[in-house]
Amino acid sequence: MKSFPLGKLRCMLTICCALFLTASIANAQDKGDWRPLSPAELAAKTPVVEPDADAEVMFWEIRVDDSTENLVMKHYVRVKIFTERGREKYSKVDIPFAKGIRIKDIMARVVKPDGSISDLAKADVFDREIAKTDKVKVRAKSFAVPNIEPGVVVEYKYQEVYQYGSAEDMRMTFQHDVPIRNKAYFFRPAANARYLTFNMADNKFVKDKNGYYKAVMENVPAIKEEPHMPPEDEVRSWLLLYYTTAEKNSTASDFWSRAGYYLVKTWDIKDTLKPGKEMKAAAAEIAAGATAPEDQMAKLFEFCKTKIKNISFDPTLTEEQKDEIKPNKSTVDTYKRQQGRTSDINELFASLATALGYEARLAFGGDRSEKFFNPNQAHESFVHFSAVAVKINGRWKYYSPGDKFVPFGLLAWNEEATSVLLMGYKDYITTEIPYSRPEQSVAKRRGRFQLSEDGTLSGTVKIEYSGHLANEYKKDNYKESASKQEEMLKEEVQKSISTAELSEMSIENVSDPEKPFTYQFKVTVPKYAQKTGKRLFMQPGFFESGSAPVFSTATRKYEVFFHHPWSEEDDIEIALPKGYELDSADSPTPLADQAGISRLHIDMGIDKAKGVVSYKRKFSFGNNGFTLFPVSSYQPIKNLFDAFHKADTHMVTVKQL
């Protein structure tokens with residue numbers, strides 16, 4: 001029911017620039033002569049910002065002109081290449097664009113230390129598709145950088161023209177995965193503009209020439225990926241630009257009151273939360289036989305999940321076909337047509353819950369995969385319609401039947417544990433969606449194996465994922481063919497055990513929201529156990545075989561962030577070769593932290609009569625919602641996971657009688 005705003009499109013292109021790094025350096029300014037390069041710049045052999053950098057941006061300038069009918073962005077970037085890795089990284093350029101955006105005046109050149117120049121030929125620029133999402137196809141103007149090698153300076157220029165575009169809600173990024181000596185934005189606004197800064201000190205726009213304002217950052221270090229780090233918007237330096245008519249001293253509460261009025265109108269919340277006779281009759285029929293509140297919600301949830309065709313997750317429809325489907329104008333439309341998008345289905349659920357006499361509200365919250373929402377950061381782009389809140393026995397419960405693979409009682413991981421605005425048609429409430437529990441997202445892993453005298457392990461495996469784990473696997477698999485799903489399974493297993501040979505694979509419940517996502521297969525691993533003389537050295541914890549320590553570095557720059565609490569349950573039996581016995585079945589010592597956030601318990605045994613080793617493992621993490629840790633806690637967290645890894649990779653000795 002909602003259009004795709006240009007601000008979101010521009011955000012999509014920002015994501016693509018992160019995915020296709022070379023695009024993010026293809027920036028320039030005015031169509032004209034290149035700026036002079038000094039002999040010192042040409043001869044430089046070492047970076048300025050980071051001594052070990054493979055390449056370094058010398059300057060990066062973007063001029064944003066929003067004073068005319070079209071939004072025009074002029075880019076100019078200059079990069080110094082220091083190493084072979086830097087050459088490889090920047091040897092190809094993708095400049096992304098989508099419908100309504102025109103890329104023009106592309107220029108590029110390479111300047112060697114001796115001053116010789118290689119210019120990009122216009123004929124060497126071509127179009128290609130680089131990404132496709134549920135809403136947007138992104139194409140790119142692409143070219144290979146001519147004669148690039150360590151020691152050269154690479155320069156790019158181009159213009160983006162957004163037809164009838166606006167700088168409203170524009171994100172200006174100052175930090176990237178390459179060190180930058182000088183990053184500057186020049187902005188000519190169309191009206192009264194303001195901005196919010198993130199992870200920046202006192203960087204401000206100051207008045208410049210010809211109606212422009214200028215914001216600069218110097219000596220900006222590169223963002224370097226760390227395992228389990230927060231989303232980039234939580235760590236990089238950036239600002240959000242927007243237009244407003246509000247008073248400068250207005251508070252966050254004032255803002256959300258104004259934004260709430262906009263949300264109520266845009267989402268027709270009054271119509272959704274004031275159902276008529278038809279919806280009341282439908283709700284009574286759907287919930288018939290259920291008296292307890294949770295049972296009634298379960299019936300409404302199941303109806304919305306199974307009886308309303310979810311267009312957003314229909315793999316038989318192309319995005320173009322989805323766009324051609326007439327949008328529903330109301331929850332009555334969704335109910336009658338028996339189809340809708342994710343938001344339509346959630347609105348229908350809210351209407352049905354209200355029709356049964358419950359207080360329901362539309363929850364607008366942050367997306368934790370992008371940014372941690374704080375209501376004090378007053379901007380509507382930080383929230384989206386994420387769930388339906390229903391008050392049951394004095395407490396708010398949250399539901400999202402429009403999320404195809406999210407089961408009853410859960411939200412997607414990125415929608416939980418975040419501040420939310422619960423919107424009614426008269427007012428809003430600020431609260432927080434709680435975390436799920438580790439036992440709601442479980443990986444149950446079962447293995448029955450035979451160990452051969454030569455160390456080969458073979459047998460059958462069954463893995464069941466529930467909760468958040470299942471949701472992620474289902475989203476990754478539901479659009480894929482059976483052969484592609486099997487290929488993905490093989491790749492996942494072989495990432496840890498490269499010699500594993502899989503056969504007779506089956507993948508179940510890919511499209512069922514309530515049942516666990518299930519893998520079953522036969523596996524053979526040559527030389528799984530290492531043979532030395534009459535002994536075999538074996539890791540009984542098959543599912544942790546080949547795993548690396550979660551944290552390998554001694555220090556840490558960013559907070560430690562786990563997406564959600566989870567748990568694992570392993571049940572393994574390994575039949576020993578005839579004539580062999582286990583030297584010892586000692587189990588690793590149980591592990592747990594003092595705060596009760598995590599625990600690991602491994603129990604090993606041996607059935608001497610059958611010659612079978614049993615291995616049972618239980619692990620959980622994120623109890624009481626602890627999934628985000630400050631840098632100061634890195635060493636204890638690292639030590640804990642190092643201890644987990646040591647226990648998980650525990651070896652036993654099998655000897656020949």
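The values are calculated or read from the model by the stated rules, or taken from the named source; none is laboratory data. Owing to the predicted nature of the structure, the values given are computational and were not obtained by experimental measurement. Cβ sites come from the backbone with ideal geometry, for glycine too, and all protein chains shown count toward neighbours. Note: areas computed on protein heavy atoms with side chains; ligands, DNA, RNA excluded. Shrake-Rupley method; radii C 1.70, N 1.55, O 1.52, S 1.80 Å.
In table form, for the structure just shown:
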{"quantity": "Candidate aspartates and glutamates - alpha carbon under 18 Å from Lys490, same-chain residues fewer than 8 apart omitted", "calculated": "Glu464, Glu472, Asp476, Glu480, Glu501, Glu504, Glu508, Glu544"}
{"quantity": "Two-site FRET efficiency, Tyr262 against Asn376, from Cβ-Cβ distance with R₀ of 22 Å, rounded to 0.05", "calculated": "0.70"}
{"quantity": "Lysines with Cα under 28 Å of Lys608, excluding same-chain neighbours fewer than 8 positions away", "calculated": "Lys444, Lys462, Lys522, Lys527, Lys531, Lys534, Lys578, Lys616, Lys618, Lys646, Lys655"}
{"quantity": "For Ile223, residues with placed amide H under 5 Å, excluding near neighbours", "calculated": "His176, Asp177, Val178"}
{"quantity": "Label corresponding to log10 I(q)/I(0) by the Debye sum over Cα atoms at q = 0.07, 0.09 Å⁻¹ when calculated from the structure given, among (1) -0.59, -0.95; (2) -0.50, -0.84; (3) -0.67, -0.85", "calculated": "(1)"}
{"quantity": "Solvent-accessible heavy-atom area per residue, rounded to whole Å², over the chain at 1.4 Å", "calculated": "47"}
{"quantity": "Eligible lysines near Lys209 by straight Cα distance, threshold 28 Å, same-chain separation 8 or greater", "calculated": "Lys31, Lys74, Lys104, Lys157, Lys183, Lys248"}
{"quantity": "Cβ-based net charge around Asp648, under 14 Å, with every Lys or Arg adding one and every Asp or Glu removing one", "calculated": "0"}
{"quantity": "Integer Hz, Karplus 6.51/-1.76/1.60 couplings in order for segment 483-497, x for Gly and Pro", "calculated": "5, 5, 4, 5, 4, 5, 5, 4, 4, 5, 5, 6, 4, 8, 10"}
{"quantity": "Amide H contacts under 5 Å for Glu432, placed H, 5+ residues apart", "calculated": "Val420"}
{"quantity": "Rounded to whole Hz, the Karplus (6.51, -1.76, 1.60) HN-Hα couplings of segment 463-470, x for glycine and proline", "calculated": "10, 10, 10, 10, x, 4, 4, 5"}
{"quantity": "Of the trypsin sites (Lys or Arg not before Pro) in segment 465-571, those whose Cβ has at most 15 other Cβ within 10 Å and which sit in DSSP loop", "calculated": "Lys479, Lys527, Lys534, Lys557"}
{"quantity": "Residues with amide H under 5 Å from that of Phe517, placed H, sequence gap 5 or more", "calculated": "Tyr465"}
{"quantity": "Selection of GluC sites (Glu not before Pro), segment 54-156, meeting DSSP coil and at most 15 other Cβ within 10 Å", "calculated": "Glu69"}
{"quantity": "Surface share of carbon and sulfur [accessible, 1.4 angstrom probe, percent] for segment 287-443", "calculated": "47"}
{"quantity": "Whole-Hz couplings from phi, Karplus 6.51/-1.76/1.60, listed for segment 220-229; x for Gly and Pro", "calculated": "8, x, 6, 6, 10, 5, 10, x, 6, 9"}
{"quantity": "Filtered trypsin sites (Lys or Arg not before Pro), segment 244-295: DSSP coil and at most 15 other beta carbons within 10 Å", "calculated": "Lys248"}
{"quantity": "Charge dipole (debye, nearest 20) of segment 176-293; +1 at Cβ of Lys and Arg, -1 at Cβ of Asp and Glu", "calculated": "640"}
{"quantity": "Fraction of accessible area attributable to carbon and sulfur, segment 63-115 (%, probe 1.4 Å)", "calculated": "45"}
{"quantity": "For Thr627, net neighbour charge (Lys/Arg +1, Asp/Glu -1) across residues whose Cβ lies under 11 Å away", "calculated": "-1"}
{"quantity": "Heavy atoms of Leu451 accessible to a 1.4 Å probe, total area in Å² rounded to 10", "calculated": "0"}
